[in-house]
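Single-structure report; data block below.
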Amino acid sequence: MKNRILFLLPYFGIGGTEIHVIELINALKDTYETKIVAPYGRGVELLKQYNISYSEVPLLSLLNYGKYLDSLRKIILDFKPEIIHVHGAHELTYLAKRVSPSTPIIFTCHGYNSDYPLLDYKFSAFFNNKYSKKVIAVSNYERINLLKAGLLENKLVVIHNGIHENKDRRELPIKIDGFILGTCSRLDKKKGINYLIEAFQKIREKVKDIHLVIIGDGKERGNLEKLVSQDNKKYVHFLGNIPEARSYFHNFHLFILPSLNESFGIVILEVMSQKIPVIATRVGGIPEIIKDGETGILVPPKDVKVLKEAIIDLLKNEDLRNKIGERGYIRYKENFTLEKMVEKISKIYEEILFNSSK
């Protein structure tokens, strides 16, 4: 009989955290019985495709705290997990422990995108010191933040995200001829897409046969669309959220991630695994993926001039683009495959299960 692991999330859209959990569960199917518990979101449709068990809980708030606990309690009593693996929201470690005091809890910190990240790390350290057996940080950047916030070092381990090598190739839903810059992210201010649009429009003053494709959606989309000048409306393409977005990346000649902060940047791995050259900002955990000038190009955040020059350099030099793409692929294969990530996480599960059986 397989051991049971319940994955508890605060939301389930189509982002890096959700893709991480889906890929992890897919790789664990033969070893463990698994279930995802989260409020309903667009990413739930992907679970049907991958045949992953899912149970819905309401979106947690102060107003429905009791209803959330009741829903979670029923699910846990029915599923009877040997481990609860919480992702993204440290407060869920407390709720899980309240519902099932004897079940070991693991927490994976994917970073915090709120306006008060220092407070988030403080709360994360507090909750996880009390309720979690182990905390996984997806980058050394996250590890340092958690330790500074007071998390006990013996609870903490760094396991970089890993992804499978996607072989699916799909054509973009629109016809584009010319050089294509691409990006894929949630459209909020912290992703820095406005700086990319500004750099792109400066480039188009000299290079006409170039397009910018933006995959993703969010509250900043309207503001970003307004930034595009009338002359560039035909050259900047907002495609919104697309399921299996990585399947479209092969259409890009160059990928740019201009984030102002990024705990890791799993989309960079998705791009590198397809030998596409990447320009990204030197923030958060991104420098742990990209070796500047070798496996990608790192630029300062918010610096339109440097970003523009980096794009132009690679636009003009196909040989350099190819070399960076090849080196990026090698770095992905050596360090960031799904198999490497799963092996390390499985060891934590095995250790906890072994100690729980004593």
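Just to be sure I understand the filter: pairs with C-beta atoms under 9 Å, separated by 6 or more residues or on different chains, first member in region 200-213 and assigned by TED's automatic domain parsing to the domain that holds Asn251, second member part of a strand (DSSP E or B) and of a type in the set (Ser, Thr, Tyr). Which pairs pass? Filtered contacts from region 200-213: Leu212/Thr183; Val213/Thr183.
Test Ile159 against the criterion of being touching a residue at least 12 places away in the same chain (Cβ under 8 Å), touching a strand residue (DSSP E or B) at 6+ places or on another chain (Cβ under 7 Å) and under 26 Å from Leu24 (Cβ atoms), and give yes or no. When the stated conditions are applied, Ile159 passes them. Among the residues of region 139-175, those identified as in contact with a helix residue (DSSP H, G or I) (Cβ under 8 Å, 6 or more places away or on another chain) and either of a type in the set (A, V, I, L, M) or in a strand (DSSP E or B) (or both) are Leu146, Leu147, Ala149, Leu151, Leu152, Leu156, Val157, Val158, Ile159, Ile163, Leu172. Do we have Ile276 as surrounded by 20 or more Cβ atoms within 10 Å (Cβ to Cβ) and either out of contact with any helix residue (DSSP H, G or I) (no Cβ under 7 Å at 6 or more places or on another chain) or assigned to a loop (DSSP other than H, G, I, E, B) (or both) here? Yes. The set of residues in region 73-87 being in a loop (DSSP other than H, G, I, E, B) and crowded, with 22+ Cβ neighbours inside 10 Å consists of Pro81 alone. Residues of region 250-262 that are out of contact with any Ser or Thr (no Cβ under 6 Å at 6 or more places or on another chain) and surrounded by 22 or more Cβ atoms within 10 Å (Cβ to Cβ): Phe252, Leu254, Phe255, Leu257, Glu262. Among the residues of region 178-235, those identified as within 20 Å of the chain's Cα centre (by Cα), part of a loop (DSSP other than H, G, I, E, B) and not hydroxyl-bearing (Ser, Thr, Tyr) are Arg186, Leu187, Asp188, Gly192, Asp217, Gly218, Lys219, Glu220. Restricting Leu46, Leu69 to residues that are in contact (Cβ under 8 Å) with a residue 60 or more places away in the chain, outside any loop (DSSP other than H, G, I, E, B) and out of contact with any strand residue (DSSP E or B) (no Cβ under 6 Å at 6 or more places or on another chain) narrows the list to Leu46.
Against the numbered list (1) farther than 20 Å from Tyr349 by Cβ; (2) touching a residue at least 40 places away in the same chain (Cβ under 8 Å), Leu62 comes up short only at (2). The set of residues from region 27-43 being farther than 17 Å from Ala245 by Cβ, surrounded by fewer than 17 Cβ atoms within 10 Å (Cβ to Cβ) and in contact (Cβ under 8 Å) with a residue 60 or more places away in the chain comprises just one member, Thr31. The set of residues in region 316-343 that are buried (at least 17 other Cβ atoms within 10 Å of the Cβ) and either of a type in the set (S, T, N, Q) or in a helix (DSSP H, G or I) (or both) comprises Arg321, Ile324, Gly325, Arg327, Gly328, Tyr329, Arg331, Tyr332, Thr337, Leu338, Met341, Val342. The set of residues in region 100-124 that are in a strand (DSSP E or B) and within 18 Å of Ser259 (Cβ to Cβ) contains only Cys109. Say whether the condition of being at pLDDT 95 or above, among the charged types (D, E, K, R) and under 22 Å from Asp120 (Cα atoms) is met by at least one residue in region 66-75. No, region 66-75 has no match at all. Of all the criteria given as (1) touching a residue at least 24 places away in the same chain (Cβ under 8 Å); (2) buried (at least 18 other Cβ atoms within 10 Å of the Cβ), the one not satisfied by Val57 is (1).
Residue count for region 125-145 satisfying the condition of being of a type in the set (A, V, I, L, M) and over 18 Å from the mean Cα position of the chain (by Cα): 2.
Being outside the structural domain of Arg186 (by TED's automatic domain parsing) and under 29 Å from Lys189 (Cα atoms) is the requirement here; does Asn129 meet it?
No: the conditions fail for Asn129.
The values are calculated or read from the model by the stated rules, or taken from the named source; none is laboratory data. Everything quoted here is computed from the prediction, not taken from an experiment. All Cβ positions, glycine included, derive from the backbone under ideal geometry; neighbour counts span all protein chains shown.
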